[in-house]
Structures are given as C-alpha cells and as structure tokens.
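I have placed the structure first, in the form of structure tokens, so that the comments after it can refer back to it.
What follows is calculated from the coordinates using simple rules that are stated; it is not laboratory data. Keep in mind it's a predicted model, so treat the numbers as computed, not measured. So basically every Cβ, Gly included, is an ideal-geometry build from the backbone, and we count neighbours across all protein chains shown.
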Amino acid sequence: MSKLSDFLIEISVYFPEIDAYQMSALEEGFTNQVFLLSQNDLPTLILRLADIDEEAFYINRQAELQVMGEAASLGLSPELIWQSGPVVVTRFVPQASLDWQVNHSHQDIERIAKRLKQAHQLSLISHEYRVEQVIALYVARIKALTVDPALKAEAAYLQVLLNQLDIQPSGLPAVLCHNDLNPKNVLMDKQRTWLIDWEYTGVGDPLFDLAVVVKSHNLTRRQTKILLDAYQLTLPQQQALDCLDRYCRAYALREMAWLLLKYLLNPTDTLSLDYYFEFKGTPSLNPFMTPLNGAQK
C-alpha cells in the first residue's frame with residue numbers, strides 16, 4: 001500500500017472537504033483503499049478510493065452508484081454522501097463487518113435473507129451479470145496475461161473447472177443482484193443489517209446471490225434450508241438446493257479466477273497469489289476437491 005499522503009493528494013482533487021477530517025486507513029478493503037474520516041475523534045464518514053481494473057473485472061461504476069443511491073434511500077445501505085471520479089464517500093455506521101469464519105445463528109440467517117429479498121426488489125439496471133460468463137472472461141484474460149509455465153498450468157486448471165461447470169439457472173425472474181455478499185460486505189449487529197460494496201452488482205439469477213451467502217458465510221445444509229425458507233423462494237426446496245450447489249461451485253471458481261487475475265494484473269500483489277493457492281488447496285473453500293453430491297453437508 002502506498003503512503004497515506006499519496007492518497008490524500010489524489011483524494012483532495014475529488015473531495016476537497018477532506019481537510020476538515022482526521023483520516024485513518026482501514027484494513028477492510030482488499031481491492032480498494034478504504035479510509036475512516038473522523039471529526040473531533042468521532043467516526044463520521046467512510047471514504048473509498050477505487051483501486052481496481054474495472055474493465056478486467058467486469059465492474060460497471062455507473063450501475064454501482066445508481067444501485068448504491070437507491071439502496072441507501074431504502075435503508076439497505078449507508079447513506080451515499082459524495083461521489084466524484086474514483087472517490088465514494090458514505091455515512092459511517094457503527095455496525096461492523098462479519099468475520100470470514102462467521103457462524104450464524106438461525107435468527108441472523110433469517111435477517112440476511114430478508115435483506116437480500118429487499119435488495120432483489122431494487123430497480124433493474126442495464127448491466128447484466130451471469131457468473132459463468134464472468135468466469136469465462138476472467139479465465140480468458142488470465143490466459144492472455146500468463147507467461148510463467150507454472151501459472152500457465154493454473155490457467156489450464158481453471159479452464160478445466162470452467163468446462164466442468166453445469167449451471168442450471170433457477171428459471172426465476174431476473175432481479176437486481178449484489179453478486180458479492182460475502183461476510184465483509186455485511187455490516188451487522190443485533191439492531192441493524194447493512195449491505196455494502198455493490199461493485200459487482202448486475203441483473204441476474206437471485207439464486208446466485210443466495211449461493212454466495214451459503215458458500216462464503218459457511219452455512220450448513222440445515223442453515224441453507226433456513227435461508228431458503230426465510231427468503232420465501234417459490235421453487236421446490238430440492239430443486240433450489242440442487243441449483244444452489246452448482247452456483248456455489250461457480251462462486252468458488254470465480255473467486256479463484258479473480259485472485260489469480262488480480263495478481264497477474266499487478267505482479268507485486270503477491271498476497272493475491274498466496275490467497276489463490278490457499279483457496280485452491282483448501283477443501284472447505286474449493287468444492288472441486290470433492291464430488292458435487294458431497295459438496296455440502
């Protein structure tokens with residue numbers, strides 16, 4: 001990460017009011033630089049400086065901002081205060097993000113399901129999101145960027161997994177999806193639940209959104225059924241579970257491809273490469289290490 005002073009220079013061009021705040025870097029942002037702005041030692045705002053290749057990762061900033069604004073107006077997301085260029089400023093909320101090892105209570109699963117149901121009622125946008133197409137895009141770019149023979153083998157591995165994907169869309173009407181509702185994009189305590197970081201938003205299958213929650217929030221089969229019941233899905237449960245299993249595999253593959261692509265676009269980002277190999281080699285993360293019918297218990 002560059003020195004904070006370097007970011008201040010860039011940010012001040014887009015957000016001149018920055019001088020009125022005390023600023024400290026947060027560790028939450030893995031792809032972007034995120035800062036806490038305080039006044040008189042009281043947390044006030046959150047500032048995000050976009051730091052990712054939007055085209056390479058299929059991010060539509062215009063769509064993201066449109067959705068952020070509507071989600072904030074409905075109380076789904078913190079208030080959007082300012083946006084200019086790569087800088088987005090939102091209202092600070094006291095709720096913290098969840099841990100990657102989160103173990104949800106049944107009540108919290110129901111709360112997340114209801115928030116996701118609300119999110120899926122947001123206005124449709126022109127930006128579509130089909131996970132298998134996004135993965136194919138990532139893998140194609142990985143192949144184009146790869147020179148090292150060892151990484152060429154990883155690109156081939158991802159292509160094999162992509163060929164194995166058996167996506168069977170739910171057949172439900174397409175909705176506005178978040179597409180990345182992992183634990184770090186949920187701010188939650190006993191009173192409130194917020195959804196944040198709409199970078200990967202797009203119109204698609206609501207079951208993919210549910211699958212991201214199932215996989216990244218470590219839900220058991222029983223908890224997955226609670227999620228489905230709380231969401232009030234109209235599909236037969238077994239059909240929904242089968243669809244979720246396949247989308248969970250797609251989500252895991254997207255994450256592996258995303259990590260490797262992130263490294264290839266910035267070879268100094270060795271942490272992303274380390275995370276890629278950790279993800280690939282961990283059975284609880286990489287469902288391709290086990291048969292499909294044994295992916296979730």
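Across segment 58-209, Cα pairs under 8 Å and at least six residues apart give a relative contact order of 36 percent.
Modelled spin labels at Val102 and Asp41, positioned 7 Å past Cα toward Cβ, are 3.1 nm from each other. With K and R counted +1 and D and E -1, the other residues having a Cβ less than 14 Å from that of Thr282 yield a net charge of -1. Each of Val212, Leu227, Ala155 was placed along the dipole of segment 146-256 (beta-carbon charges, centred on the mean Cα), and the one lying farthest toward the positive end is Leu227. Just add up the charged neighbours of Met188: K/R +1, D/E -1, any other residue whose Cβ is under 10 Å from the Cβ of Met188. Net charge in that neighbourhood comes out at +2.
Compute the Cα gyration tensor for segment 15-106, then decide on rounded, prolate or oblate, letting a ≥ b ≥ c be the square roots of its eigenvalues: rounded whenever a/c is under 1.5, prolate when a/b is larger than b/c in the other cases, and oblate in all that remain. Taking the square roots of the gyration eigenvalues as a ≥ b ≥ c, segment 15-106 is rounded. Among the helices of the chain, those built from whole DSSP H runs whose Cα atoms reach 27 Å or more along their own axis and whose mean Kyte-Doolittle hydropathy is at least -1.0 are 237-265. Note down the net charge around Thr270, summing +1 for each Lys or Arg and -1 for each Asp or Glu among other residues with Cβ under 14 Å from its Cβ. With Lys, Arg at +1 and Asp, Glu at -1, the neighbours total -3. Ranked by how many other Cβ atoms sit within 10 Å of their own Cβ, fewest first, the residues Ser24, Ser216 fall in the order Ser24, Ser216. Straight-line cross-link partners of Lys225 among the lysines, defined as a Cα under 21 Å from its Cα and at least 8 positions apart when in the same chain: Lys114, Lys117, Lys215, Lys297.
For segment 215-254, the convex hull spanned by the alpha carbon atoms encloses 67 Å³ per residue. For the pair Ala140 and Val13, label points projected 7 Å from Cα toward Cβ lie 3.1 nm apart.
Which of the peptides 219-231, 203-215 is most tightly packed, and how do the rest follow, going by the mean number of other Cβ atoms within 10 Å of each residue?
Top to bottom by mean Cβ count within 10 Å: 203-215, 219-231.
Loop sites by DSSP among the GluC sites (Glu not before Pro) of the chain, restricted to those with at most 15 other Cβ atoms within 10 angstrom, leave 80-297 as the longest stretch without any of them.
Farthest towards the positive end of the charge dipole of the chain, among the residues Tyr263, Pro169, Leu45, is the Cα of Pro169, using unit charges on the Cβ of Lys, Arg, Asp and Glu. On a per residue basis, the convex hull of the C-alpha atoms belonging to segment 94-188 measures out at 177 Å³.
P(r) tail for segment 159-272: Cα pairs beyond 25 Å make up 26% of the total.
Taking 0.36 nm per intervening residue step and subtracting the Cα-Cα distance, what contour gain separates Ala20 from Gln168 on full extension? Spell out each step's value before the answer.
Details: separation 148, 0.36 × 148 = 53.28 nm, distance 5.19 nm.
Length gained between Ala20 and Gln168: 48.1 nm.
Label point of Leu235 set 7 angstrom out along Cα-Cβ; within segment 206-222, amide nitrogens under 12 Å from it belong to 206-212.
The shape of the chain comes out oblate: with a ≥ b ≥ c from the C-alpha gyration tensor, a/c is at least 1.5 while a/b does not beat b/c. This model, with +1 at the C-beta of Lys and Arg and -1 at the C-beta of Asp and Glu, gives the chain a dipole about its Cα centre of some 980 debye.
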